[in-house]
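Some notes on the structure that comes next.
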């Protein structure tokens, strides 16, 4: 029994010793394939080749720069501000002339519309109060100062009172009629003040803008010739800025022409009331002649 136990113990020791001897060999055998794998991994992803991934970092600034550039493009670097800053004194003078034409045109249009409104209001007042007055003098005094109808009535009264001396040899009706007509012409002349300016602006503003366009294109072509490049980015900006002059000229001329025609038509309608008042005033003054002579 003991002998059997000894042989079992010896066999166990031999197995342990064999396993201890085999284990390093197995580990060594397993480690040898692992080394090439590591080597292969090192070869597949070497340290220097990791660098290409680094440019991904500047992508954010690049995107930011692109976004900023896109924002600047929205502001249109070829607009009026760029035209003013990049133009010479001739182009700036042309822009100033067009600006003066535009301001003057709109000022005249607004003021003339207001004058026509006042004339229509004075016509309604004269229609209600003047003809119901007991005399021409009292009717004229009842009108507002500066009213064209009061001016015409006072002109008729003055002509009637000054029909003496050399003027007495003229027929009273012709004399009073001529005086009233001169007053009506004066009102028409004052009502038409400024319309000649509108006509001038309407006829010349497009050519002023065209002059600015030709001058701008000349300088653009000169700059392109000096640079030696005719790419679209070099041509579009200067030529586009030059064409703005033509657009400004048309923007100035069109309101002036429309305003001129509109005001001329309104003046004709307003002057119909003035002429009708003058004709009725002449009839009233001639009918009052015997009473004046008797007095």
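The values are calculated or read from the model by the stated rules, or taken from the named source; none is laboratory data. What you are looking at is a predicted structure, and each value in this text was computed from that prediction instead of being measured. Using ideal geometry, Cβ is built from the backbone for each residue, glycine included, and neighbour counts are taken over all protein chains shown.
Observations on the structure shown:
- Unmet criterion (only one of (1) surrounded by fewer than 17 Cβ atoms within 10 Å (Cβ to Cβ); (2) at pLDDT 90 or above; (3) closer than 27 Å to residue 286 by Cβ) for residue 184: (1)
- Matching option when the condition is touching a helix residue (DSSP H, G or I) at 6+ places or on another chain (Cβ under 6 Å) and free of Cβ contacts under 8 Å to residues at least 24 places away in the same chain, among 123, 196, 140, 153: 140
- Among all positions in the range 153-160, there is no residue which is loosely packed, with under 14 Cβ neighbours inside 10 Å, under 48 Å from the mean Cα position of the chain (by Cα) and part of a helix (DSSP H, G or I).
- Matching option when the condition is in the same structural domain as residue 206 (by TED's automatic domain parsing) and at pLDDT 90 or above, among 132, 105: 105
- A single entry from 202, 194 fulfils the requirement of being under 30 Å from residue 281 (Cα atoms), surrounded by 15 or more Cβ atoms within 10 Å (Cβ to Cβ) and either modelled with pLDDT of 90 or more or over 20 Å from the mean Cα position of the chain (by Cα) (or both): 194.
- The range 124-150, residues that are closer than 27 Å to residue 263 by Cα and surrounded by fewer than 19 Cβ atoms within 10 Å (Cβ to Cβ): 124, 125, 127, 128, 144, 145, 146
- In the range 176-198, the condition of being in the same structural domain as residue 243 (by TED's automatic domain parsing) and under 30 Å from residue 242 (Cβ atoms) is met by at least one residue.
- Residue list for the range 132-152, restricted to those being under 50 Å from the mean Cα position of the chain (by Cα) and part of a loop (DSSP other than H, G, I, E, B): 142, 143, 144, 145, 146, 147
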